[in-house]
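See below for the structure under consideration.
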Amino acid sequence: MQKITSFAKTHETIIQLVIITLIVFLAMSWASPRFLRYYNFESLAFIAPELGIISIAMMIAMLTGGIDLSVVGIANLSGILAGVFFLKVMPATPDASLAYAAIRLTLAVLIAMSTGLLAGTLNGLLISRLKITPILATLGTGQLFTGFAVVLTGGPAIVGFPPGWGFIGNGKLLGVPLPLLIFIVVALLIAFMLSRTSFGVKLMLIGTNPKAAVFAGLRNARMILFSYMLSGVLASMAGILLSGRTNAAKSDYGTSYLLQAVLVAVLGGTNPAGGRGSVLGVTIAVTALMLLSSGFQILRFSNHLIDFIWGAFLIAVIALNAYRARGR
Amino acid sequence: MPDAFIELRQATKRFAGVLALDKIDFTLNAGEIHCLAGENGSGKSTLIKLIAGVYRADGGEVRIGGRARPHLTPKEAIAAGVQVIYQDFSLFPNLKVAENLALNTLLHENRKTVAWSRVRELGRQALARLGIDIDLDAEVGSLSTAQRQLVAIARALMADVRLIIMDEPTTALTGREVDALFKIVRDIQAKGIAVLFVSHKMREMLEISERITVFRNGRKVAEGPTAEFDEASITRHMTGRDIDQSAFEWTGDTMAMPRLEVEGLAVPGIVEPTSFAIQAGEIVGLAGLLGAGRTELATALFGMRPDHEGEIRIDGVKVNPRSVEEAIEAGIAYVPEDRLTEGLFLTQSIERNFCASILDRLTRGLLLQSGQIREASLKTVDEMQVATPDVVRPVIQLSGGNAQRVLIGRWLLTGPKILILNGPTVGVDVGSKELIHKQLRALARERGLSILMISDDLPELVHNSNRILLMHKGAIVETLASASVNEDQLAAKLKALR
Amino acid sequence: MKRLLARSEVVIALILILAMIIIGLINPAFWNLENLFSLLRQNVVIGIMALGVLTVMISGGIDVSFPAFAVAAMYLTVRAMVGLGYEGVILPFIAATLIGLLLGLMNAFFIRTFKMIPLIVTLGTASIVRGLLNGVVGTSIVNIDRMPQSLIAFGRTVINLGGASLTVMLFIYLALAILVHLFLTRTMLGRSIYAYGGDPESASRVGFDTRKTIFVVYALAGALAGFAGLLHSSMSWLANPRDFIGLELDVIAAVVLGGASIFGGRGSVIGTLLGVFMLVMVKNSLIILGIETTWQLVAVGLIIIVATALTALRDRKKLGA
């Protein structure tokens, strides 16, 4: 019994979230019978992983008290560079062998993820070495990455990704949507990294008190650099999923993901001031929000009203947290 | 019967169910210098904030100038003539001196607009009243601590003030600056203004005040004219018991190879080439005025001054750490000055605070060894006598003394040969302080740890070290054997420096 | 001299002049009165919004909701005018300003009551307002033939100077700038914003009503955004309910370029005017410089990075000294 109460105490946010999610689920099932169809959940399993991975990237930046406003820019630029590679550098040949296609696909994935790594490195260097406030640094780089995306595409979307690329975003493995599998692997890896490796614990400590971390010999600058590199790579993975699912890449795709990622991270119990955050929280928060918006979509609410509901949800959760903090 | 300016009757204040002030009766007379003594958490600051209108009493009443003030706000307290100088001075670092000085008066007069000529005039007058000279156009953020305190005092003196409350005003001041401050306090009193002085430094209380009130655990435990108190009786009231004050003796071999040898260590512009040595098991004090370069010397030893010159040897081997990691590797540990901002990760668990500096050593492959972390933490909790039921609760739930012992524990886990402590018991209760001193002595005696202790607390230095290095303007100017010097002589030596 | 150079406004002005000289050397057409007037014209809307953002930043906050508020104020006002068949100028502008002000009060309420980081709150309120506007009121553009003629006529008001026409809206912008400048430097309320940005705790200890300060700050930002929104519509002769998306980045960038500190307590109207001009100039001079306009975002991103890097270096030097 004591164990249960102590679990309840340390995981209050998680429990609160699970309750919110259940309420959303029940309310939606009650409001529309179509909500409970298998098809609905399956389509969520294809869409939600993009936002889930971007939100984890955001959460990692927030762990050290930062923020990454460039995640969507990185995601789009990664997808576009992969597209440019497919179209210009290594175009499809009529007599393409399977090996050729596989190499082509692997290289494109590598290019996309290296883009994320480089972009994240730029963010990390600006923040940890030049000491620019994360919000301003990533605001600037976000424009920069989106800008490069515009320059590369000239505006319209890049289309013509090979089927293999589409498989990443639309395929199924053993009946399970591939994006969901990718998300699960990423989530497990990051969760493991945050709680069981010295890098993860150091990020939490740096976020809690950066000055004390310096005195404890934690090499803040290097750890912060690594954390933005990681969030860049994650953002590029989201870019791969996004371009794979839609079979297109454009400079202004997924712009609403930025707000949503911040919302999911905060909702999932991440402290924007640093030092606290968990993959489990983010995962549940993504689930709750995706259920919420798909439910409203089924109820024929417009996308705009769903934006409104997301915003209202964010404010409501903030209010709820403030209320709980006061009760203490 | 003198005229009471502040009267608290049965004042009570709770925070989330915890009683911070328990039915306090307190009287402060007009024009007197009154000292409020007590350990951290005894209720002193809560009392100040009640009088200043920052908090509102949950029970009882606060009377100012004979009138009950049930709904006191900061603005009304100021209007009633109460000014508080908080420890952090509450100045605006981004604004100029003149504006900082003028804001109070302008607010008091309920001004809606700002005439900059008037702001300058008010600022000039305020500085003139204290007889000091500071550039009115300088930004406050660019001033020294002592100058900022003067600005804060000058600001408090502006309106028709009747009481100035000073919260631990001498913490950041050098000996000479304390003398200057006391002179100002007496000048203020001569103008018929009362001063409420909050402190935990006995010597200062006895020197400056006319009456003393002592708090312990949210209750008033003693009050009376200063003449009725001495250091021992105040300590007894504050802690509820007597404190052991035996001296530390070191009986090692002075001819042995020193544990730490420093030769010509210098930090450009701050620390002059300095040489000294510490033997295994020695506790060496480092005394000096604020800005003498003590912290810089310590951080240079700790690898935070990669630009240092000279040679640092441990057991005869040159180490010269260029980063904190190298220093830890070489066996140097450093407990920083400000426990809260530089030391602890308050919202993180005790075990994470313990193991913060040895995370890499506790990693096998990619994995942190949580079993080892738990084991090491539990052992250190015992060793440092940290009062806690477990090691997973956040450090923020611990008292100051326990938190400081967690911090010292972290450094013991790194397996240090040399432990540098900067202000080891600042903000620690008298009772806890004694325990920390005992533990430091044991570490030196039993483990042969060499300890370098930086402190402004002279009794602490005299009682707990066998030698004291006197530092001034970046150089060590004298080495004293603790046995041959008492705290008054040490105080006199510090005062003579300039 | 040293003191003069230490003022960030002077440095910004010098950089601005240098940039103008360089652009002018590459293409002398830059100095055409028409080009300069067109640049100034494009300062107006962003500039008015920037005055609000400046105030928020001085208080130590940040606001990303003002574009949503601006578009809501603009679209609601114009739609109401169309619906009622009302023609006029003053009343609509008052209405738009009031709508912005009320929305700003909502920001202040959430920030103050829930003690939540302004960035997160304003992200939320922006989403709420835009979502409601587009979801409930609609997404159809009110174009030139349905736009109230009074607004179009007002937006077209120009004066002729040296053969080129300069929009009169510029003077409205400058008048507002002067008012905000006076408010920030000459009123106790304005000083309370600086004090709050410098140290919120101290501000309330000294006796400022910090609650009022926060409400005034966000209400002012909202009101200026509402006003600017309608002004934009009357200058562009249409009301697009999906306008201003992403504009917050430009405006914040301009204010930061103008020397305001994101940590609060620092910033000036003059600096902001210069920062806005700099941003608009760079964005719009790419063509003159012979660079394709697709590079616009890259240029803006680079400016933000370089400017913030420079201020970070400057602040670090100050701390080191």
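The value of relative contact order for the stretch C:1-157, using C-alpha pairs under 8 Å at least six residues apart, is 26 percent. Under the criterion of Cα pairs below 8 Å and six or more residues apart, the relative contact order for the stretch C:40-243 equals 46 percent.
Solvent-accessible surface of the protein assembly as shown, averaged per residue with a 1.4 angstrom probe and all protein chains in place: 41 square angstrom. Interface residues of the stretch A:287-323, defined as those with an accessible-area decrease of at least 40 Å² between the chain by itself and the complete set of protein chains (probe 1.4 Å), are A:H304, A:L305, A:F308, A:I315, A:I318.
Before anything else, pin down the relative contact order of the stretch B:4-239: Cα pairs under 8 Å, at least 6 apart, normalised by residue count, whole percent.
RCO, the stretch B:4-239: 28 percent.
Near A:I298, within a Cβ-to-Cβ distance under 15 Å, what is the net charge of the other residues, with Lys and Arg +1 and Asp and Glu -1?
Values: positive: A:R34, A:R37, A:R300; negative: A:E42.
Computed value for this residue: +2.
Across the options B:G409, C:F263, B:L260, the greatest Cα extent toward the positive end of the charge dipole of the protein assembly as shown (unit charges at beta carbon of Lys, Arg, Asp, Glu) belongs to C:F263. Near C:S8: Cβ cut-off under 9 Å, other residues only, Lys/Arg at +1 and Asp/Glu at -1. The net charge is +2. The Cα-based radius of gyration of the stretch B:252-351, divided by its Kirkwood radius, gives an Rg/Rh of 0.99.
Per-residue SASA remark: B:W411, around 0 Å² accessible (1.4 Å probe; ligands, DNA and RNA not included). Taking the centroid of alpha carbons for each part, the stretch B:2-35 and the stretch B:47-104 are 15 Å apart. Computed over every Cα-Cα pair of the protein assembly as shown and binned at 10 Å starting from 0, the pair-distance distribution P(r) comes out as 2, 9, 16, 20, 21, 16, 10, 5, 1, 0, 0 percent.
Of the beta bridges DSSP finds with both residues in the protein assembly as shown, what % are antiparallel, to the nearest 5? Walk me through the numbers on the way to the answer.
Working: 53 of 90 bridges.
So the antiparallel bridges in the protein assembly as shown amount to around 60 percent.
Here is the interface size for A with C: some 3400 Å² of accessible area buried, both sides summed, with a 1.4 Å probe.
Along the axis of the charge dipole computed for the protein assembly as shown (Cβ charges of +1 for Lys and Arg, -1 for Asp and Glu, origin at the Cα centre), the listed residues B:V317, C:L105, B:L458 are led at the positive end by C:L105. Heavy-atom accessible surface of B:I193, to the nearest 10 Å², is about 10 Å², with a 1.4 Å probe and all protein chains retained.
For the stretch B:1-82, which whole percent of the accessible surface, found with a 1.4 angstrom probe, sits on carbon and sulfur atoms?
Details: 1680 of 3440 Å².
With neighbouring chains kept in place, the figure for the stretch B:1-82 is 49 percent.
Neighbours of A:V159 by Cβ distance under 14 Å: Lys/Arg scored +1, Asp/Glu scored -1, total +3. For B:D3, the solvent-accessible surface computed with a 1.4 Å probe is close to 100 Å², ligands and nucleic acids excluded.
I'd like the FRET efficiency for B:D88 and A:I19, computed as 1/(1 + (r/R0)^6) with the beta carbon distance as r and R0 of 51 Å, rounded to 0.05. Walk me through the intermediate numbers first.
Working: r = 41 Å, r/R0 = 0.80.
Efficiency, rounded to the nearest 0.05: 0.80.
Counting each pair of different Cα atoms once, what's the Kirkwood radius of chain B in Å, rounded to one decimal? Walk me through the intermediate numbers first.
Details: mean 1/r = 0.0405 Å⁻¹.
Over chain B, the inverse of the mean reciprocal pair distance is 24.7 Å.
If you stretched the chain out fully between C:L84 and C:L102, how much longer would it get, using 0.36 nm times the residue separation minus the C-alpha to C-alpha distance? Kindly include the intermediate steps, with their values, before the conclusion.
Values: separation 18, 0.36 × 18 = 6.48 nm, distance 2.23 nm.
Fully extending the segment from C:L84 to C:L102 adds 4.3 nm.
A simple spin-label model places the labels of B:T113 and C:V10 2.9 nm from each other, with each point 7 Å out along Cα-to-Cβ.
Among C:L84, A:L77, the order of accessible area from largest down is C:L84, A:L77, computed with a 1.4 Å probe on protein heavy atoms. Any idea how far the Cα center of the stretch C:56-127 sits from the one of the stretch C:186-243, in Å? Cα centroid of the stretch C:56-127 versus Cα centroid of the stretch C:186-243: 11 Å apart. Of all the options A:L259, A:L22, A:L267, the one that moves most in a Gaussian network model of chain A with Cα springs shorter than 10 angstrom is A:L22. With unit charges on the beta carbons (Lys and Arg positive, Asp and Glu negative) and the dipole taken about the Cα centre of the stretch C:40-243, which residue among C:S140, C:L174, C:I117 sits farthest to the positive side? Highest projection toward the positive end goes to C:I117.
Give me the number: length gained by fully extending A:K172 to A:F41, i.e. 0.36 nm times residue separation minus the C-alpha to C-alpha distance, one decimal in nm. Mind dumping the intermediate values first?
On the way: separation 131, 0.36 × 131 = 47.16 nm, distance 1.41 nm.
Residue separation times 0.36 nm, minus the Cα-Cα distance, leaves 45.8 nm.
If R0 equals 45 Å, the separation of the Cβ atoms of A:K131 and C:S38 corresponds to a calculated FRET efficiency of about 0.75. Calculate what fraction, in whole %, of the accessible area of the stretch C:40-243 sits on carbon and sulfur atoms when a 1.4 Å probe is rolled over the protein chains. The nonpolar share, carbon plus sulfur, comes to 68 percent. When both bridge partners sit in the stretch B:4-239, DSSP labels roughly 55% of those beta bridges antiparallel. Overall, the protein assembly as shown carries a charge dipole of about 2040 debye about its Cα centre when +1 sits on the Cβ of Lys and Arg and -1 on the Cβ of Asp and Glu, all other atoms neutral. Fully extending the segment from B:D22 to B:A481 would add 160.7 nm, taking 0.36 nm per residue of separation and subtracting the current Cα-Cα distance.
Applying 1/(1 + (r/R0)^6) with R0 = 45 Å to the Cβ-Cβ distance of A:S114 and C:A153 gives a FRET efficiency near 0.20.
The values are calculated or read from the model by the stated rules, or taken from the named source; none is laboratory data. From a predicted model like this one, the values you see are computed outputs, not experimental measurements. Note that each Cβ is placed from the backbone with ideal geometry, even for glycine, and that neighbours are counted across all protein chains shown. We work out accessible area using only protein heavy atoms, side chains counted, and drop any ligands, DNA or RNA first. Shrake-Rupley method; radii C 1.70, N 1.55, O 1.52, S 1.80 Å.
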